[in-house]
Amino acid sequence: MKKSLNIVVLENEETNALAVALYCWGHVPSIFNNIDDTFGKLASSLDQVDALIVNIELNTDAVSRLDEFLHHSSLPCLILDTSVNRSLSQGVVDYLSSKTDIKKLVSWLENINKPERVFEEKNPLFTLIYGSHAVGETQPSDVMDILKVARKINKELEITGVLLYNKGWWLQVLEGSFSAVTSLFFDHIQKDKRYTDVTLLVLDPTTKRHFANWDMGFYSTQDEQDSNLSWTDLDTHPAGELIKQKLSHSQEYTKYFMK
């Protein structure tokens, strides 16, 4: 049985359509129609709330308050209004490509507080990070194809990780056995004609997987043009800081991916 989630919903009082849908899916929505009541609920019972969904337009002051809250909170947050999302500076939220994108919303809910996968590690773990540059223009359909193939191959090889993209630049983190990650990189990725300047940045032993649930997560620093790609929320992931540390001596790539 799927876990019932306690979700705070900030929504237009005329419809409350999203809250009704959440209730029908077996979740427990707390419905609010203004920002003051919403933050009042979060302040009094944040430890009992699983997620926040904002399905309403906000003025500048409300966006600023939401921005400040997200900066200090690890609460999963979904923004359905893209104008609100673009106004946030923290870059820690996901949003739907349209308000009817129910499939993605359900997927988002299913992954909240999802237990980390447990691997029976037979060999020492390694983290491999590389950077590259796309040859030609990259379309959203190209990214979808890359993710589809990567997730299939990585699942078979017990490799986990994340793929970052920004204006033609790629950064990928691979976790797995030494033979698995190095074979994938040297025998396949480095020979892929779709990329140039393929550079190995990090190859270090590690004691645990930081992306155990991701056959290949995806994060784009670009705005709404990538919103339908199901990008993974890297900034709120504990391993986000790990990547920043690993790349601290690689200025060429940190300037493209890390604030």
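The values are calculated or read from the model by the stated rules, or taken from the named source; none is laboratory data. Here the structure is a predicted model, which means the values were calculated and not measured. Using ideal geometry, Cβ is built from the backbone for each residue, glycine included, and neighbour counts are taken over all protein chains shown.
Quick one: is residue 96 farther than 23 Å from residue 188 by Cβ, modelled with pLDDT under 65, surrounded by 15 or more Cβ atoms within 10 Å (Cβ to Cβ) and in the same structural domain as residue 22 (by TED's automatic domain parsing)? First the steps, then the outcome.
Numbers: farther than 23 Å from residue 188 by Cβ: yes; modelled with pLDDT under 65: yes; surrounded by 15 or more Cβ atoms within 10 Å (Cβ to Cβ): yes; in the same structural domain as residue 22 (by TED's automatic domain parsing): yes.
Yes.
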Output the number of residues of region 125-137 satisfying the condition of being in contact with a helix residue (DSSP H, G or I) (Cβ under 9 Å, 6 or more places away or on another chain) and closer than 16 Å to residue 164 by Cβ. 7
Of the residues in region 157-189, those that are out of contact with any Phe, Trp or Tyr (no Cβ under 9 Å at 6 or more places or on another chain) and among the acidic types (Asp, Glu) come to 187
Where the second residue is among the hydroxyl-bearing types (Ser, Thr, Tyr) and the first is within 16 Å of residue 11 (Cβ to Cβ) and lies in region 40-54, which pairs have Cβ atoms under 6 Å and are six or more apart or on separate chains? 41/30
Where residue 4 falls short, out of the listed (1) in contact with a Gly (Cβ under 6 Å, 6 or more places away or on another chain); (2) at pLDDT 85 or above: (2)
